[in-house]
Amino acid sequence: MPDSVAKPPAILILFAHPAQESSRINRELVRAVRDLAGVTFNDLYEAYPEFDIDVKREQKLAEQHQIIVFQHPFYWYSTPALLKQWQDLVLEHGWAYGKGGAALKGKTLLSAITTGGRAEGYQPDGMHKRSLLELLAPIAQTAELCGMNYLNPFAVHGTHSMSREQARAKALEYRSLLEALRDGVNNSSSLGGS
């Protein structure tokens, strides 16, 4: 039988949490996807405790995967410092964007984030005065500049008051989402993970 079935797109998770041991929800999320077939799990704080990012290694990893996931806690409306440094160093002009920079063109970017606050806080009339999509605009614009497709974020809100059962349910939801993306199932209604 000829190999006519297309290989599913590989997923690269760039996990960035400087205090993973204190994050019950991120431990659950990681546990649910770390061994998932078709997924490369790249723990940035484990790989680069001194912030000395191997740019060529990271570029090669990004080139080898069709879907890139930024998984992190939502710190001060942004990413943890090491993921920001990854963006600053790895997404070079001439490689990720600009003249000759098409290494990521056509790939997909997903933000998988956790927040201590509840989803209601991320509304125009909520505590943060903006929607989560508005607050993630810099990441969406980075994807746009690099010619990537930016998906609606998978967000787990209210992590401080979440029960163990709720955390496990969110972890299974995250795993299902990554399986659907890996397998090319376009179910955008499953995105958002509120």
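Give me a count of the residues in region 76-96 that are surrounded by fewer than 17 Cβ atoms within 10 Å (Cβ to Cβ) and without any contact (Cβ under 8 Å) to a residue 40 or more places away in the chain.
Number of matching residues: 7.
Between 55, 90, 39, which is farther than 30 Å from residue 127 by Cα and in contact with an Asp or Glu (Cβ under 7 Å, 6 or more places away or on another chain)? Talk me through it step by step, then tell me what you get.
On the way: 55 fails: in contact with an Asp or Glu (Cβ under 7 Å, 6 or more places away or on another chain); 39 fails: in contact with an Asp or Glu (Cβ under 7 Å, 6 or more places away or on another chain).
One residue alone meets the criteria, 90.
What pairs can you find where one residue is in region 32-56 and farther than 15 Å from residue 18 by Cβ, the other is part of a loop (DSSP other than H, G, I, E, B) and not hydroxyl-bearing (Ser, Thr, Tyr), and their Cβ atoms are less than 6 Å apart, with a gap of 6+ or different chains?
38/8; 38/10; 41/34
So for region 31-43 (the condition being under 20 Å from residue 143 (Cα atoms) and of a type in the set (Asp, Glu)), does at least one residue qualify?
no
Of the residues in region 153-178, how many are within 13 Å of the chain's Cα centre (by Cα) and either assigned to a strand (DSSP E or B) or without any contact (Cβ under 8 Å) to a residue 12 or more places away in the chain (or both)?
Initial filter on region 153-178 (within 13 Å of the chain's Cα centre (by Cα)): 153-156, 174-175, 177-178.
Right, trim to either assigned to a strand (DSSP E or B) or without any contact (Cβ under 8 Å) to a residue 12 or more places away in the chain (or both) and you get 154-156.
Matching residues across region 153-178 total 3.
Would you call residue 170 touching a strand residue (DSSP E or B) at 6+ places or on another chain (Cβ under 7 Å) and basic (Lys, Arg)?
Details: touching a strand residue (DSSP E or B) at 6+ places or on another chain (Cβ under 7 Å): yes; basic (Lys, Arg): yes.
Criteria met by residue 170.
Taking the options 136, 104, 151, 109, name whichever one is touching a Pro at 6+ places or on another chain (Cβ under 9 Å) and buried (at least 18 other Cβ atoms within 10 Å of the Cβ). Give the steps one after another, and end with the answer.
Details: 104 fails: touching a Pro at 6+ places or on another chain (Cβ under 9 Å); 151 fails: touching a Pro at 6+ places or on another chain (Cβ under 9 Å); 109 fails: touching a Pro at 6+ places or on another chain (Cβ under 9 Å).
From the options 136, 104, 151, 109, the qualifying one is 136.
Computed from the coordinates by the stated procedures, all read-outs in this text should not be read as laboratory data. Model, not experiment: these values are computed from the prediction. Backbone-built Cβ (ideal geometry, glycine too); neighbour counts: all protein chains shown.
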